[in-house]
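A quick write-up on the structure given underneath.
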Amino acid sequence: MNLLSVVWITGNAADRQSNCLQMCVRVGESVSFSCGGIQECSSSYRRWYQKKETETFRLILWFDERDGEIRKGFGHPQQDDFTAEKTQSGCELKINKVKVDHSASYYCSCCYDYYIFGSGTRLFVTDESVVKPVVSVYPAASRVHVEGSSSLLCLASAMFPPVVQFSWKRQKNNGPLEDLTSEEQLDLRESGRSASILLVHQQQDSSYKYICSVKHEGGTVEAQTQQGNEGLVTVFNRDSASC
């Protein structure tokens, strides 16, 4: 049996907004997914896959970017619902009328000396309305750790669809915002809610404001805390424009 090396890279996104985590559409709408960011391919063929939570990857179709040829016949039960076309950035997979059964993650791939996959786009098909998360920040422990550090817990709940992405920043004395390294961040997910834990290094004679930003289909929601002698206190919860 031949072993295939798989490389995951960023760059694949949905047609509505390239920076959205996922797409949430209603039954009967049309949707398309872009296959950008895999220029390293040695072949003009692009493979499109569907991945449902309880199933393995299923090949939908092949698409030749040179002449627009579409190849199906790989045993996918919904293959007739999909088509593909060439774009300036590569190619797109399209569904003209989505059904609830189309809810899944979609990936494109190509071949170099190994298979290269895009980062994928998760599709939710529903008649429910998009609901932004409720976001709160708490101290994860009541005492400072022995090594001079403590933790912050950012909790996102009551949202639909359930997928969110966390990021952390800090600010000192109204100075510039600083992005915090992902090595100090642990994200946890369970049914109905998600959380992110940030390791905070205590610093003498300094006061930092920590901001947890939660990116969601309905928009970005932020919660802010103040780091100081009085401990950690939630200051505000703010919504930004939707993506």
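Since every read-out is calculated from the coordinates, none of them should be taken as a lab result. What you see is a predicted model; the values in this text were computed from it and never measured. We place every Cβ from the backbone using ideal geometry, glycine too, and count neighbours over all the protein chains shown.
Observations
- Residue 81-residue 165 FRET efficiency (beta carbon distance; Förster radius 25 Å; 0.05 resolution): 0.30
- A simple spin-label model places pseudo-atoms 7 Å from Cα toward Cβ; at residue 96 and residue 112 they are separated by 3.7 nm.
- Pairs with C-alpha atoms separated by more than 29 Å, drawn from the list 52/97; 132/209; 51/209; 72/97; 51/169; 97/169, are 51/209; 51/169; 97/169.
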